[in-house]
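The values are calculated or read from the model by the stated rules, or taken from the named source; none is laboratory data. Treat the numbers as computed from the prediction; the structure is a model and nothing was measured. A quick note on method: Cβ atoms are made from the backbone with ideal geometry, for glycine too, and the neighbour counts reach across all protein chains shown. Just the protein is used for accessible areas: all its heavy atoms, side chains included, with ligands, DNA and RNA removed. Shrake-Rupley method; radii C 1.70, N 1.55, O 1.52, S 1.80 Å.
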Amino acid sequence: MTNPGSEASALLTRIPEPELMDDDDQARAYAEADFVEPHNHFVQLLQETFPELPEMGTALDLGCGPGDITLRFARAFPAWSVEGWDASEAMLNYGYQAVAAAKLQDRITLKKVYVPQSDTVSDTKSDTVSFPLIFSNSLLHHLADPMALWTEVKQQSGLGTAVFIMDLMRPAKRETAKDFVDLYAQGEPEVLRRDFFNSLLAAYRVDEVQDQLAQAGLEQLQVREVSDLHLIIWGHIAE
Ligand SMILES: C[S@@+](CC[C@H](N)C(=O)[O-])C[C@H]1O[C@@H](n2cnc3c(N)ncnc32)[C@H](O)[C@@H]1O
């Protein structure tokens, strides 16, 4: 006989991982990894989610890492500029090189910024410039406090800002995380496989993200699974 609560109580508990990826070996392995498929999928889903973005503007990429998605976005939206923020010097160094190699310095600016810049959303927010589009990939699960992301989204957005965030989803079982590493990171350097495994254990589930959004007063954003690995959070800022 099964205990009615046993399945839920057996779900894998979240294990946080270090926030910043500031070790050079780690940053190099990440910058050199083949993310063509997931990162193109990110840009494609963003385009499908927001088919009516303004013709031009400046987007904000939170936790941009070595800038691969930042660059893919800039190529897909040639009239837009992008600011990429990350607090890891090691990651940003790979990003500066990639932006220069792509000759996109006129449209992409990478900055060393720790998220959140402030723990509170400022009262004078209406005086500051807001971004018409904020996107982020795989930052949320790194944060010691997930509210860091939602505070920054609130701080940097204005009425109507489009928000598109993708992150990993924590599987129900540790064994599934191991299987995902074997399936999706076969042949990758050990440091990358280790980080991927730790990231899966540190990721949030859909219901946990919904709770975070409710706590942040961002219920206008929606959450859904888009693959066995990923969820997206999207919507327009309503106030
Ligand atoms: C898994 S990487 C994702 C990089 C990039 N978005 C991508 O998809 O390729 C996560 C990045 O978030 C950065 N990060 C983690 N916590 C941060 C924080 N509090 N402020 C700024 N950057 C942070 C890490 O340094 C790392 O570069």
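Scanning segment 197-213 turns up no residue that is more than 19 Å from the chain's Cα centre (by Cα) and touching a residue at least 40 places away in the same chain (Cβ under 8 Å). Taking first residues from segment 2-19 that are modelled with pLDDT under 85 and partners that are of a type outside the set (Val, Ile, Thr), the Cβ contacts under 8 Å between residues at least 6 apart in sequence or on separate chains come to Ala10/Ala172; Ala10/Lys173.
Exactly one residue out of Ile69, Ile15 is touching a strand residue (DSSP E or B) at 6+ places or on another chain (Cβ under 9 Å), β-branched (Val, Ile, Thr) and closer than 30 Å to Lys173 by Cα, and it is Ile69. Test Ser88 against the criterion of being within 7 Å of the ligand (Cβ to nearest atom), modelled with pLDDT of 95 or more and of a type in the set (Ser, Thr, Tyr), and give yes or no. For Ser88, the condition - within 7 Å of the ligand (Cβ to nearest atom), modelled with pLDDT of 95 or more and of a type in the set (Ser, Thr, Tyr) - is met.
Restricting segment 69-93 to residues that are within 15 Å of the chain's Cα centre (by Cα) and of a type outside the set (A, V, I, L, M) leaves a set whose member that is most open to solvent (accessible area, probe 1.4 Å) is Arg72. The single residue among Leu92, Leu149, Leu168 that is under 25 Å from Gln26 (Cβ atoms) and touching a strand residue (DSSP E or B) at 6+ places or on another chain (Cβ under 6 Å) turns out to be Leu92.
Listed conditions (1) on the phi > 0 side of the Ramachandran plot; (2) open to solvent by 90 Å² or more (accessible area, probe 1.4 Å) are all met by Tyr96, apart from (1). Mind listing just one residue for me: the one in segment 14-68 that is under 24 Å from Leu221 (Cα atoms) and among the β-branched types (Val, Ile, Thr) and, of those, surrounded by the most Cβ atoms within 10 Å (Cβ to Cβ)? Result: Val43. Using the structure shown, decide if Leu104 is within 12 Å of the ligand (Cβ to nearest atom) and open to solvent by 10 Å² or more (accessible area, probe 1.4 Å). Judged against the criteria, Leu104 is not a match. Of all residues assigned to segment 147-158, at least one qualifies as being loosely packed, with under 15 Cβ neighbours inside 10 Å and more than 12 Å from the ligand (Cβ to nearest atom).
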